[in-house]
Amino acid sequence: MHHLFGAFFLIIDNLIILKDYNFMHKKIILITLLLSCSLISCNINKEITYKDNVQIALGTVCSIKVDENVDEDIINNCFNVLSEVENELSRTNEFSLISILNREKKVKVNQEVFDLFKYSIDLAKNSDGKFNIAMGSVVSLWDIGGDNPRIPSDDELALVNINYEEIILNEDALTIEIPNDMEVDLGAIGKGYAADKLVSYLKSEGVYSAIINLGGNIVVIGEKNNESNWGIGIQHPDISNELFALFNVKDISIVTSGTYERYFEKDGIRYHHILDPTTLYPSISDIKSSTIIGPSSLICDSLSTTCFLLGYEKSLNLINNMEDYQAMFMLENNDIIFSDNFDIEYEILID
Ligand code: ADP
Ligand code: MG
């Protein structure tokens, strides 16, 4: 594993990893560019030397880039937060809260996890059921990004229950209950949830300039060197290690979903990891790359997956009606579309 990281940093120097290093297949799937601050600084005292702290967590490469003087304990606590989230939300960790729910069909949770379920079910309702955390059994049958990805049989798919309306949330008891033939999966929202937790924690420790990158789920805290925007590049969905857009941002989250992240190929067909609840097959979308930008990483994460599933017309409608969230989509025909409220400084890097 180390040689991969080594090679990575050798090649990219001022670039940092953005999206999804696929654990199982040892594949790096999306990249972020952090523009280097000007090489010649007028005021050397202002310059922060950032240190990238990288670990595998939540099934992906997680990096926390902060001032090198930030206490080691704070960094360790950040990775502890990620482990805690994994112990809550991972479907593949058999000891996680979600695994217990999937086995025992009822579990008691804390308020935060309860709210996450509530939000997820609201989003299912607001997306014609396209965003659906009740797809756990389907995700598990396909096992895309796992050890044994395969095309499930029609018989297997016929047995699953994905009706999210049957999830019972009891706010007083803080319990979640699912039917016997249902499993849940929070893969489309977990990294955003974790990123928001890290932001709160780092700010509570007085860290006001940082970049969190959880497998491409990005949050920038404050400004670079407390004086300039951060440059965040978006991976081209068709060309590995190439960026197609660059954003200049501060204090914001950016999340991209696409089919190039996790997939397997059989007989020349690509089967990717965003599954359409209507067909129980990988979603056929007119969007190739779906980027959402806004204050909450949880919301960006869930919306980027949702927009991919909805296709661009419905997605534009959804995002145009949201105040704080903006979208950029690359369509199948390579057009790049922005939501009406898009006001981020950006550059398109392709013709
Ligand atoms: P990534 O986690 O690779 O960044 P996404 O955020 O787009 O990608 O989420 C994809 C993951 O969400 C899948 O791997 C699966 O766990 C889960 N998922 C798949 N289909 C759906 C769906 N229709 N609704 C909600 N979650 C889904
Ligand atoms: Mg997502």
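The values are calculated or read from the model by the stated rules, or taken from the named source; none is laboratory data. Note that the structure is a prediction, hence the values are computed from the model and not measured. FYI the Cβ positions are ideal-geometry reconstructions off the backbone, even for glycines, and counts take in every protein chain you see. Just the protein is used for accessible areas: all its heavy atoms, side chains included, with ligands, DNA and RNA removed. Shrake-Rupley method; radii C 1.70, N 1.55, O 1.52, S 1.80 Å.
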Working carefully through the options 177, 104, 165, find the one that is more than 13 Å from ligand 1 (Cβ to nearest atom), modelled with pLDDT of 95 or more, more than 24 Å from the chain's Cα centre (by Cα) and within 25 Å of residue 318 (Cα to Cα). 165
Number of positions in the stretch 326-351 that are outside any strand (DSSP E or B) and open to solvent by less than 20 Å² (accessible area, probe 1.4 Å): 1
Failed criterion for residue 108 (all others in (1) touching a strand residue (DSSP E or B) at 6+ places or on another chain (Cβ under 9 Å); (2) open to solvent by 60 Å² or more (accessible area, probe 1.4 Å); (3) under 14 Å from residue 202 (Cα atoms) hold): (3)
Being more than 16 Å from ligand 1 (Cβ to nearest atom) and open to solvent by less than 10 Å² (accessible area, probe 1.4 Å) is the filter here, so list the residues in the stretch 226-236 that pass it. 230, 231, 233
What single numbered condition from (1) open to solvent by less than 50 Å² (accessible area, probe 1.4 Å); (2) within 10 Å of ligand 1 (Cβ to nearest atom) fails to hold for residue 278? (1)
Name the residue that is farthest from residue 228 (Cα to Cα), counting only residues in the stretch 238-280 that are among the hydrophobic types (A, V, I, L, M, F, W, C) and within 16 Å of ligand 2 (Cβ to nearest atom). 275
For residue 225, all conditions in the list (1) in contact with a helix residue (DSSP H, G or I) (Cβ under 8 Å, 6 or more places away or on another chain); (2) within 16 Å of ligand 2 (Cβ to nearest atom); (3) not basic (Lys, Arg) hold save one; what is the number of the exception? (2)
Just one listed residue, out of 97, 169, 174, 159, is closer than 20 Å to residue 279 by Cβ and either surrounded by fewer than 20 Cβ atoms within 10 Å (Cβ to Cβ) or in contact with a Lys or Arg (Cβ under 9 Å, 6 or more places away or on another chain) (or both), and it is 159
Can you find even one residue in the stretch 319-332 that is farther than 24 Å from residue 147 by Cα and touching a Gly at 6+ places or on another chain (Cβ under 6 Å)? yes
Conditions: (1) farther than 30 Å from residue 63 by Cα; (2) more than 16 Å from ligand 1 (Cβ to nearest atom). Residue 115 meets all but one. Number of the miss? (1)
Quick test of your reading of the structure: residue 287 fulfils all but one of (1) open to solvent by 10 Å² or more (accessible area, probe 1.4 Å); (2) among the aliphatic types (A, V, I, L, M); (3) over 17 Å from residue 347 (Cα atoms). Name the failing condition by number. (1)
